[in-house]
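Student: Okay, handing you the structure first.
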Amino acid sequence: MTQKCILDDKRKGGCASCLPQCAHRIAMNGLNGEGGRVGAAGLPKEYRHLTLTNSPAREGQSDIYASLERYAATFGGDNVKSVYLWSESPGTGKTTTAASLANEFIARSYIEALRKGEQPAQVLAVYMDANEFQSRYNLAALTNDEDAMKRIGTNIKRMQAAPFAVIDDLGVRGSTEAFTSYLHAIINHRVVNGKPTVFTSNVPIEDLADVFTPRLYDRIRDQNGVIHFKGTSKRGRR
């Protein structure tokens, strides 16, 4: 079986001829294909092999992908901006694209570290489903589950620390003051420390002032490029 590797389009001739024990493939995906730096990012399994080159969303959003290729070229430099990917309709390729950007950041940062003779960091990017994170928080708060709250605290610190982050499905439902404060802790830390974040949402960025607070909205829009995905859901058509 051919091993999928996010370094495939970064290597002349691709990775098809690489042995399963290729050190770089293992660094990306682990020996079993589920670990490494991609596994450490926590991306859903179906997105772990995607890049801007092989993303299934590329064909339907060609103009956006041309812009994102230029954006990805800034990875490894100073002042990499955040991006806010949104559309009114679900299923237009926002999460697919966000995951592709995370993998691009992992691959390019890994290669750049090796070029400089440095050890690449083990955690280069992280992924968080904001809706799922809110559900876990609500359940932990409702049941007074101290262990679950500690795990949430660990997740917050992990999101703050990573060089690159994806926050998926932001603003799909209302938020309590307490949960908003946790999101603010993550986002504010990343903004203050100049760490790029890719957000996906089904609401315009301006509506986040009402979903959360004007203060959190102000943090999210800071140094953030807004990209509107057009079209209707393409789920189930692949």
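Student: Go through region 136-172 and give me each residue that's assigned to a loop (DSSP other than H, G, I, E, B) and buried (at least 18 other Cβ atoms within 10 Å of the Cβ).
Tutor: Result: Ala162, Pro163, Asp169, Leu170, Gly171.
Student: Can you confirm whether region 173-182 contains a residue that is under 16 Å from the mean Cα position of the chain (by Cα) and either on the phi < 0 side of the Ramachandran plot or in contact (Cβ under 8 Å) with a residue 40 or more places away in the chain (or both)?
Tutor: Checking region 173-182: not a single residue is under 16 Å from the mean Cα position of the chain (by Cα) and either on the phi < 0 side of the Ramachandran plot or in contact (Cβ under 8 Å) with a residue 40 or more places away in the chain (or both).
Conditions (1) over 14 Å from Tyr84 (Cα atoms); (2) modelled with pLDDT of 95 or more; (3) not polar (S, T, N, Q), marked per residue:
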residue	(1), (2), (3)
Arg173	yes, no, yes
Leu183	yes, yes, yes
Val191	no, yes, yes
Glu206	no, yes, yes
Gly231	yes, no, yes
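Student: Here is a further query. Determine the pairs where a residue that is free of Cβ contacts under 8 Å to residues at least 12 places away in the same chain, located within region 187-214, has a partner that is hydroxyl-bearing (Ser, Thr, Tyr) with Cβ atoms under 6 Å apart, the partner being 6 or more residues away or on another chain.
Tutor: Ala209/Tyr217
Student: Check Thr92, Thr96 and return the single one that is under 17 Å from the mean Cα position of the chain (by Cα), among the β-branched types (Val, Ile, Thr) and within 19 Å of Cys5 (Cβ to Cβ).
Tutor: After ruling out the rest, the residue left standing is Thr96.
Student: Taking region 26-62, which residues are assigned to a helix (DSSP H, G or I), under 17 Å from the mean Cα position of the chain (by Cα) and not hydroxyl-bearing (Ser, Thr, Tyr)?
Tutor: Within region 26-62, Met28, Asn29, Gly36, Arg37, Val38, Gly39, Ala40, Ala41, Lys45, Glu46 qualify.
Student: Please give the number of the condition Cys15 fails out of (1) surrounded by fewer than 19 Cβ atoms within 10 Å (Cβ to Cβ); (2) free of Cβ contacts under 8 Å to residues at least 24 places away in the same chain; (3) not aromatic (Phe, Trp, Tyr).
Tutor: All conditions are met except number (1).
Student: Follow-up. Looking only at residues in region 99-126 that are surrounded by fewer than 24 Cβ atoms within 10 Å (Cβ to Cβ), of a type outside the set (D, E, K, R) and assigned to a helix (DSSP H, G or I), which one is farthest from the chain's Cα centre (by Cα)?
Tutor: Leu114
The values are calculated or read from the model by the stated rules, or taken from the named source; none is laboratory data. All of these numbers come straight from a predicted model, not from anything done at the bench. In this analysis, Cβ positions are derived from the backbone assuming ideal geometry, glycine residues included, and neighbour counts consider all displayed protein chains.
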